[in-house]
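A short worksheet on the structure shown next.
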Amino acid sequence: MAELRVARSELILGGQKSGKTRRAEALAAAWLAQSAAHRAVYIATAQAGDEEMHERIARHRRDRAQRVPALQTVEEPDELARAIGAHSRADTLVIVDCLTLWLTARLLPLAGVAPSAQSADDAIAAALAAAAGPLVLVSNEIGLGVIPLGADTRAFVDALGRINQQAALACERVTLMAAGLPLVLKGQA
């Protein structure tokens, strides 16, 4: 991805392995290259519920450290609005990767009672409003396939679709990733 312009806020959508995280990391690298005073924070929302996910998270940590060494990682699967507020400053680009895993943890928690999907929508709205510096949100686009058979799965797809729409409305730029290629849906590239 040649010379990137960092937007005030960007939602990056796409399927699994579409290049969403690579674009977010490239934006962080471009931001960091603009000024020695710039910082970048990566808020990881994944939780490891099994051994494969533990390995996947460890691999992502290693890959991130190699691709963007100055990118600080914060793991926060639950209190996303608080984490954004704690790390967002005018000189700091914040990446949230990803809204899909964050919503999964909220609606289908490994332990405990799930909050409502509405509280998830409200949390994202608060996070967007509170961001003092550039914010990059990564989320999966999972609504392009057939209607899921199970009620829980349909409710999750609906909830993520609402969050993605809300984020897209609030963000300056929205980019859809497919096969590693960005398609800007809103704003300027």
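Observations
- Flag for Ala29 being modelled with pLDDT of 95 or more and more than 14 Å from the chain's Cα centre (by Cα): yes
- Here no helices (runs of 4 or more DSSP H) wholly within the stretch 89-189 include at least 3 residues being buried (at least 21 other Cβ atoms within 10 Å of the Cβ), at pLDDT below 85 and of a type in the set (Asp, Glu).
- Selection status of Ala37, over 24 Å from Gln166 (Cβ atoms) and without any contact (Cβ under 8 Å) to a residue 40 or more places away in the chain: no
- If you go through the stretch 156-187 and keep only what is more than 26 Å from Ala26 (Cα to Cα) and touching a helix residue (DSSP H, G or I) at 6+ places or on another chain (Cβ under 7 Å), you end up with Phe156, Ala159, Arg162.
- For the stretch 60-68, the count of residues that are more than 27 Å from Ala132 (Cβ to Cβ) and either surrounded by 16 or more Cβ atoms within 10 Å (Cβ to Cβ) or among the basic types (Lys, Arg) (or both) is at least one.
- Among the residues listed as Arg22, Arg82, Arg59, Arg8, the single one being within 19 Å of Met177 (Cβ to Cβ) and out of contact with any strand residue (DSSP E or B) (no Cβ under 7 Å at 6 or more places or on another chain): Arg22
- Within the stretch 61-80, considering residues that are touching a residue at least 12 places away in the same chain (Cβ under 8 Å) and over 14 Å from the mean Cα position of the chain (by Cα), the one farthest from Leu101 (Cα to Cα): Ala70
The values are calculated or read from the model by the stated rules, or taken from the named source; none is laboratory data. This is a predicted model, so every value here is computed, not measured. All Cβ positions, glycine included, derive from the backbone under ideal geometry; neighbour counts span all protein chains shown.
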